[in-house]
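Colleague: If you scroll down you'll find the structure; I have some questions about it.
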Amino acid sequence: MGAVFYHYVRHVVVPRSLRSVLRFRPLELDATARRLARCADVDDLRRVAKRRLPGGVFDYADGAAEDELTRRANQQGFRDLVFDPRVLRDVRDVEVSTTLLGRRLPIPLVLSPTGFTRIFHPEGELAVARAAARRGIPYSLSTMSTRSIEEVAAVSDGPKWFQVYVWRDRGLVKELVQRAAAAGYEALLLTVDTAVLGRRERDVRRGFTLPPKIGLGTLVDGAVHPAWTYAFTRSDPIEFANMAGDGSRDGTTAVALADYINSQFDPSFSWGDLDWLRSVSTLPVILKGIQSVPDATRAAAEGIEAIALSNHGGRQLDGSPAVVRLIRPVVDAVGDSMAVLCDGGIRRGSDIVKACALGATACMAGRAYLYGLAAGGERGVDHVLGLLDAGVRRTLALVGEPSIEGIRPDLVRWP
Ligand code: GLV
């Protein structure tokens, strides 16, 4: 019907003289494809996500701790950094792949772990893992995921990492990391910035719980976001899939995340306990949440394989420095002793190029793909990965650098 109408408008209503100068885009009948085609960057996807998700759900992903200074600084830091480009260089074939922990990555990108991913789209972690695997991009599964270690492994033969929180119950940590190893995950991403949960004030104001509680506010919000509400009410109940069946920990009753985390996670875990983690798993350990040069050098001295400079997207300590500002001082301090990843504020391929010029081995991104997931499910994630991939290639060509691994350090400077 839509196609007939389109044909009629194009060939009958519009006069020939006008037709010769008018250019109609082919009509896209698939609503998701249409929506995604209009998203030229990650910010566009964020706007679509904001429109489609109930406010509390959007704010859980989009929000950060306290005044959100660090969240903004992460993005602003990338914007402040400028290129010192070169022209007239042969950039016909730019090489964007790189090596991390002995594995070749198609672009210097790893997907960050995100909790509760199914609240953004019923396909949740499975959609993200599939989209990542299709491109060979590593996907990190969160401990607080809403699909289990094994469910994700069943749909993805791509590289996978498992994110670890240290529970008071060490037996549970041991069980989880051993399940991850058995399911083929290649590395453990130990989050070290969450001794207690940061205060996400958007969640506090909304009284947001996980899973989202059906109160009057949610009903009203749900009514104005019918697509989300329809999908949410028809999909499997939200639970912490890795702890399924464990009534006290599986999250099947609504919890304020701070109460849950502060009662379950162990704030006493410290440097001396890393050996314990390494004693229960042979997988390489990456410390995610390093925010200072002394901690980076300590990690190198401990023989850690890699660190991710991260402030949890500004969701933990507000006032922690922009991640991009830490890269060069950290890389200068630790040299080649370990890989240095950078997580926080990545929205464009050019951000990835900037981070690599500062010395990062690769970047990680979480919110960027969540916006895509909320906007268009698996295809939305794929759209984001495509934008980032194309952005890295285009930026390298425009700055006159034929290879991301050989990128010159003085390509970027703070003005
Ligand atoms: C969990 O890690 C969160 O940031 O909400």
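Colleague: Would you calculate, for the chain, the mean residue ellipticity at 222 nm contributed by helices, counting each DSSP H stretch of 4 or more residues as -39,500 (n - 2.57) and dividing by all residues, to the nearest 500?
Modeller: Rounded to the nearest 500, it is -13000 deg cm²/dmol.
Colleague: Then there's this: Consider just the alpha-carbon atoms of the chain and return their Rg together with their Dmax, both in angstrom.
Modeller: Rg, Dmax (Cα atoms, Å): 22.2, 78.
Colleague: Give me the count of lysine pairs in the chain whose alpha carbons sit under 30 angstrom apart, restricted to pairs 8 or more positions apart or on different chains.
Modeller: Step by step, the pairs that qualify in the chain add up to 9.
Colleague: Follow-up question, since we're still on this one. With a 1.4 Å probe and all protein chains left in place, how much of the accessible area of the chain comes from carbon and sulfur atoms, in whole percent?
Modeller: 54 percent
Colleague: Taking the mean number of other Cβ atoms within 10 Å as a proxy for protection, how do you rank 327-340, 130-143 from highest to lowest? Provide the component values of the computation, followed by the final result.
Modeller: Details: 327-340: 18.1, 130-143: 21.9.
Highest-to-lowest ranking by the protection proxy: 130-143, 327-340.
Colleague: Right, something else. Based on the Cα coordinates of region 364-415, what is the per residue volume of their convex hull in Å³?
Modeller: Cα convex hull per residue, to the nearest whole number: 113 Å³.
Colleague: Tell me the relative contact order for the chain as a rounded percent, counting alpha carbon contacts under 8 Å between residues six or more apart.
Modeller: Computed value for the chain: 28 percent relative contact order.
Colleague: Using Cα centres only, tell me the gap between region 178-230 and region 34-79 in whole Å.
Modeller: The two parts, judged by their Cα centres, are 15 Å apart.
Colleague: If you take the charge dipole of region 190-307 about its Cα centre, with +1 on Lys and Arg Cβ and -1 on Asp and Glu Cβ, which of Ser263, Val280, Thr218 is farthest toward its positive end?
Modeller: Thr218
Colleague: Next question. Which one of Ser263, Ser20, Ser145 has the biggest mean-square fluctuation once the chain is modelled by GNM with Cα springs under 10 Å?
Modeller: The residue with the greatest mean-square fluctuation here is Ser20.
Colleague: Related question: Ignoring solvent entirely, what values of log10 I(q)/I(0) come out of the Debye formula for region 215-340 at 0.14, 0.15 Å⁻¹ when each Cα is a single scatterer?
Modeller: So the normalised log intensities work out to -0.87, -0.92.
Colleague: For a protection proxy built on the mean count of beta-carbon atoms within 10 angstrom, sort 294-304, 358-368, 147-157 highest first, please.
Modeller: 358-368, 147-157, 294-304
Colleague: Could you state, as a whole-number percent, how many of the C-alpha pairs of region 155-228 are farther apart than 18 Å? Walk me through the numbers on the way to the answer.
Modeller: Details: 1681 of 2701 pairs.
Looking at region 155-228, the distances longer than 18 Å represent 62 percent of pairs.
Colleague: Over 24 Å, how big is the tail of the calculated P(r) for region 81-236, in percent of all Cα pairs?
Modeller: Here the tail beyond 24 Å accounts for 50 percent of pairs.
Colleague: So, taking all protein chains as they sit and a 1.4 Å probe, how much accessible area belongs to Lys174, in Å² rounded to tens?
Modeller: Here the accessible area works out near 90 Å².
Colleague: Leaving out ligands and nucleic acids, note down the accessible area per residue over the chain with a 1.4 angstrom probe, in whole Å².
Modeller: 43 Å²
The values are calculated or read from the model by the stated rules, or taken from the named source; none is laboratory data. Model, not experiment: these values are computed from the prediction. Methodologically, a virtual Cβ is constructed for each residue, glycine included, from the backbone with ideal geometry; neighbour enumeration extends over all protein chains shown. Please note that ligands, DNA and RNA were not included when accessible areas were found on the heavy atoms of the full protein model with its side chains. Shrake-Rupley method; radii C 1.70, N 1.55, O 1.52, S 1.80 Å.
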